[in-house]
Amino acid sequence: MKAFLIATLCALTVHAADETGFTSLFNGRDFKGWVNVNCAPETWSITNGVIHCTGHPTGALRTERQYENFIMEVDWRHLSSGGNSGIFIWATPIAAPGVPFLRGIEVQVLDHGYNVQGKNEWYTTHGDVFPIHGAHMKPFGRHNGERSFPSEERSNPSPEWNHYQIVGTNGTLRLSVNGKEVSGGEDCDYRKGYLGLESEGAPVEFRNIRIQEFPSNAPRAELTGPTDSGFRTVFDGLDLRGWKPNARFTVEGEHIVLKPGEPNGSALRTEKEFGDAVFSIDVRPAKESTQIPIVECRGIPIPLEGATPGAYTRFQIESKGGQITVKRGETEIQRQTSSASSSNRGPLAIRDTGGPLEFMNLYVRENP
C-alpha cells in the first residue's frame, strides 16, 4: 500500500510538472550547461537532437551546476549488444582518485547482452542503483551490499529506447524504468551534487533529458559534493593529443604509462604552457617500487613523495608566483620557493624516472 501511494504521488507530481515545472537539461543543439570531465572531444556529439557517445574512453559528461531535490527524466538506448553506461547522480565535478568515474550514485544503463559471470547475482541489466567510489546508500528491496536490484525486468534490449525517471529527494533515490518504479535507496551520501552521463566502452545515446527541481532540505556540508573549482582535463584518456611526443610514454586504457627502462633524462610535456595554476594528478608506481615520481611545473622539478606503490595517490600542485605547494590528498607535504614570477610560463611535464609508472586524471585550474 505504501509503495502504491508513493508511486501515485510521484505520478501526480510528474503530471503537474509536465505543465509548469520541467526544464530541459539538453537543448538538442550543443553542450551548453554541460562539462566534458575527462573524455576526448569526439567522445560526445549531437545528431538530430540526440547525444551520441562513442564509449571511448571511459569517462563522463556532467552538468555545469549541482542538483539536490528533483525529478529527472531521460531516454537512452544502446547501439550494440552488451553495451555499458550509466547516469551519475549527486556526483563530484572530477573523477574520483584512481578511476575514470565520478564519485556518486550510479543508475545503471546496461544492455541485456552484457553477460559477464554473476549476472542476476551481483548485477542485472534492468536498472540497478548503487553508490560508487566513496559514496554510500542504503538500498531498497533485493540487494547485494549497497546495490539495489530492480523488482521487475522492464528495460528493452538494443537498439530500442528506454525511459528512466529518477526521483531524488532528501537523500532518497527512486528509479522508474519504462513507467514503473523498480529500485533505489535512501540515506545517500552525497545527496547534492552534479548529474552526469557515463562513457564506458560502447556506443550509447541519450535524448529528452529534462528536470523538475524542488526546494532544498539544506543538507549538511559533508553530504554535499564538492563544487566545481575550475579544474579541466589536460589528458583526454585516448591518446597524447596536446602533449609533445616521447617514445617512453604510451596510453593504455585511461592511463599515461611510463614504460620500464633506463631513464634518459627526458620528459613528456604539454604543448600548452601555464603560469599560475593548480594541477591535480593521480600517480601509481609499480608494486614494491622505490622510485619517486617527478613532475615539472615552469621547469621546476617537483618530487611526488609518498606515492603508494601499487595504488593510485592523488597529488595537487599549486604554482603561484615563486611559491610551489604540494598536497598529497588533503595534506600539505611540500613547499618550495623558486625564482619564477607570475609572468613565467611553462608546460606541465612528467619526468622519465625509469618506470614503470602510471598517471591518470590530470587536471589543471589556471589562476588569473
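Quick notes
- Residue match in segment 157-174 (condition: more than 21 Å from residue 195 (Cα to Cα) and among the basic types (Lys, Arg)): no
- Restricted to segment 180-295, the set of strands (runs of 3 or more DSSP E) holding at least 1 residues that are among the acidic types (Asp, Glu) and closer than 30 Å to residue 149 by Cα comprises 180-189, 194-199, 204-213.
- Total residues in segment 26-58, condition in a loop (DSSP other than H, G, I, E, B), within 15 Å of the chain's Cα centre (by Cα) and over 14 Å from residue 233 (Cα atoms): 2
- Residue selected from segment 296-312 under the condition of a type in the set (A, V, I, L, M) and outside any loop (DSSP other than H, G, I, E, B), by the criterion surrounded by the fewest Cβ atoms within 10 Å (Cβ to Cβ): 300
- Count of segment 62-94 residues, restricted to those that are outside any strand (DSSP E or B), under 15 Å from the mean Cα position of the chain (by Cα) and over 26 Å from residue 329 (Cβ atoms), is 2.
- Among the conditions (1) buried (at least 22 other Cβ atoms within 10 Å of the Cβ); (2) over 23 Å from the mean Cα position of the chain (by Cα), residue 105 misses just one, which is (2).
- Of the residues making up segment 163-201, those that are of a type in the set (Gly, Ala, Ser) and either buried (at least 23 other Cβ atoms within 10 Å of the Cβ) or touching a strand residue (DSSP E or B) at 6+ places or on another chain (Cβ under 6 Å) (or both) are 168, 171, 176, 183, 184, 185, 193, 196, 199, 201.
- Tally, over segment 313-365, of residues that are outside any loop (DSSP other than H, G, I, E, B) and exposed (fewer than 14 other Cβ atoms within 10 Å of the Cβ): 6
Read the figures in this text as sums done on the coordinates, not as results from a lab. Just so it is clear, the model here is predicted, and its values are computed rather than measured. Reconstructed Cβ throughout: ideal geometry from the backbone, glycine too, with neighbour counts over all protein chains shown.
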